[in-house]
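The values are calculated or read from the model by the stated rules, or taken from the named source; none is laboratory data. Remember, predicted model here, so these are calculated numbers, not experimental data. Cβ placement follows ideal geometry from the backbone for every residue including glycine, while neighbour counts extend to all protein chains displayed. Note: areas computed on protein heavy atoms with side chains; ligands, DNA, RNA excluded. Shrake-Rupley method; radii C 1.70, N 1.55, O 1.52, S 1.80 Å.
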Amino acid sequence: MGEEGTEGTVHLLCLAASSGVPLFCRSSRGGAPARQQLPFSVIGSLNGVHMFGQNLEVQLSSAKTEDTTVVWKSFHDSITLIVLSSEEGTSELRLERLLQMVFGAMVLLVGLEELTNIRNVERLKKELRASYRLIDSFLGDSELIGDLTQCVDCVVPPEGSLLQEALSGFAEAAGTAFVSLVVSGRVVAATESWWRLGMPEAVLLPWLVGSLPPQAARDYPVYLPHGSPTVPHRLLTLTLLPDLELCLLCGPRPPLSQLGPLQLLERWWQPLLDPLRACLPLGSRALPAGFPLHTDILGLLLLHLELKRCLFTVEPSGDQEPSSEQRRRLFRSFYTLVTATHFPPEAGQPEKAEEVVHRAQVPRACYLVSGAEEPGTGWRLVALQLGPRQLLLLLSAQSPTHGLRGLATHTLHALTPLL
């Protein structure tokens, strides 16, 4: 099942659990969408072995061959998702979370009722086409990381208080409590109600906006997988600047025309044109220009596990090796390693008395060094856990190993006021 060459391939299969009928198959190769499809015989075999185990009350969740990892997951005894990956360093944790996000995307755009009570398979296939663009963005080489961390990708604007004040005023005038400002799929600012959205819609909504082709305005029906999986809401988007969009989640009102340039939009956002322009570079950097970071830092991932938000950038400084794509892959691999091996996923949550002894044995920091046999080559990765926050850093080869924890601690303290 593996692919020849250095670029790995990911195949995602969606089937009706009761009949085994394929609903769709999406593929990517080297992080880009691919048209390659698996033979029907392979699809049938993969689904058949899963169903065979279920009939014997055995849950088949994953398997590995020499070069491919396979993960199965059923949802509501109605939909079966199967993912096969021959990408280097792929972990079961990453593929399991991918399947969770894919099913969330299906519910977001089709609704849970259509997926759990399949009346017409052909009609469902057509309806699911609306989710292809979003699903393909999970399979590709995304600049976001919320699909893996299950935290909302955020940025820190230089004049956040001004934008937050305008956002709150605009939300009140528009008559909805759920409003956010999104740049390239990352949340710049949001109302309190928006931040209280559950998972996975808190991650999916800005990701959906970032994956859609540019439009001046949209009125998009969406379901909330956690909050409202069977009753649709309206997702309204208004483009303020290229890649910078205002998002509203609402019911039948307000009409989109009420928010047009001559109505609320110009009144609230025209005076803030310069602060809005300052948000545009944050799509790739996440941090405001001039934020003091050590010159050895090639990328960082800061997670707040209680707020479910994260800051992620692989472009804090000038062009250096490795490339941005390589850095993102390194972060994804390192995150899955520390999450599955060192840091418990429930870290940052209130602990019970009987867990104190166990918690004392949980590591608070770990690091990974590449190229140590050749001084001045390779890179360093370090992870630090402190309270509800986790920080992962990618550092250049010049950074001494004995100073990794100190540098990570200093950086975490500097970033703490931001998230």
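Looking across region 62-105 at every residue that is acidic (Asp, Glu) and open to solvent by less than 70 Å² (accessible area, probe 1.4 Å), the one that is farthest from the chain's Cα centre (by Cα) is identified as Glu87.
The criterion of at least 2 residues that are among the charged types (D, E, K, R) is met, among strands (runs of 3 or more DSSP E) falling completely within region 173-251, by 217-224.
For (1) out of contact with any Gly (no Cβ under 7 Å at 6 or more places or on another chain); (2) in the same structural domain as Pro242 (by the TED database), each residue gets a yes or a no:
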residue	(1), (2)
Glu113	yes, no
Tyr132	yes, no
Gln150	yes, no
Ser161	yes, yes
Ala173	yes, yes
Ala177	yes, yes
Ala190	yes, yes
Leu204	no, yes
Gly210	no, yes
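Being loosely packed, with under 14 Cβ neighbours inside 10 Å and either assigned to a loop (DSSP other than H, G, I, E, B) or modelled with pLDDT of 90 or more (or both) is the filter; apply it to region 327-356 and report the residue that is nearest to the chain's Cα centre (by Cα). So the residue we want is Pro345. In region 399-419, of all residues being assigned to a loop (DSSP other than H, G, I, E, B) and either outside the structural domain of Thr336 (by the TED database) or more than 22 Å from Ser333 (Cβ to Cβ) (or both), the one that is most open to solvent (accessible area, probe 1.4 Å) corresponds to Pro400. Scoring Val182 on the criteria (1) of a type outside the set (Lys, Arg); (2) modelled with pLDDT of 95 or more; (3) open to solvent by 10 Å² or more (accessible area, probe 1.4 Å) leaves a single failure, condition (3). Here Gln36 clears all of (1) within 26 Å of the chain's Cα centre (by Cα); (2) open to solvent by less than 70 Å² (accessible area, probe 1.4 Å) except the condition numbered (2).
Checked against the criterion of being charged (D, E, K, R) and in contact with an Asp or Glu (Cβ under 7 Å, 6 or more places away or on another chain), the candidates Arg94, Arg26, Arg35 yield just one match: Arg26. In region 39-61, the residues that are open to solvent by less than 80 Å² (accessible area, probe 1.4 Å) form Cβ pairs under 9 Å with partners that are among the acidic types (Asp, Glu) and in a helix (DSSP H, G or I), at six or more places apart or across chains, as follows: Ser61/Glu92; Ser61/Glu96. Across region 231-254, the qualifying residues are those that are loosely packed, with under 13 Cβ neighbours inside 10 Å and of a type outside the set (D, E, K, R), and the one among them that is farthest from Trp269 (Cα to Cα) is Val231. Evaluated against (1) of a type in the set (D, E, K, R); (2) modelled with pLDDT under 95; (3) within 16 Å of Leu238 (Cα to Cα), Glu159 falls short on exactly one condition, (3).
Scanning region 111-122 for residues that are under 24 Å from Gln59 (Cα atoms) and not in a loop (DSSP other than H, G, I, E, B), which turns out least open to solvent (accessible area, probe 1.4 Å)? Checked region 111-122; the qualifying residue least open to solvent (accessible area, probe 1.4 Å) is Leu115. Here Leu391 passes the criteria (1) of a type outside the set (Gly, Ala, Ser); (2) at pLDDT 95 or above; (3) assigned to a helix (DSSP H, G or I) except the one numbered (3). You will find that of Glu306, Glu315, the residue that is open to solvent by 40 Å² or more (accessible area, probe 1.4 Å), within 19 Å of Leu394 (Cα to Cα) and outside any helix (DSSP H, G or I) is Glu315 and no other. All told, Leu144 meets the bar of being under 14 Å from Leu205 (Cα atoms), in a loop (DSSP other than H, G, I, E, B), touching a Ser or Thr at 6+ places or on another chain (Cβ under 9 Å) and in contact (Cβ under 8 Å) with a residue 12 or more places away in the chain.
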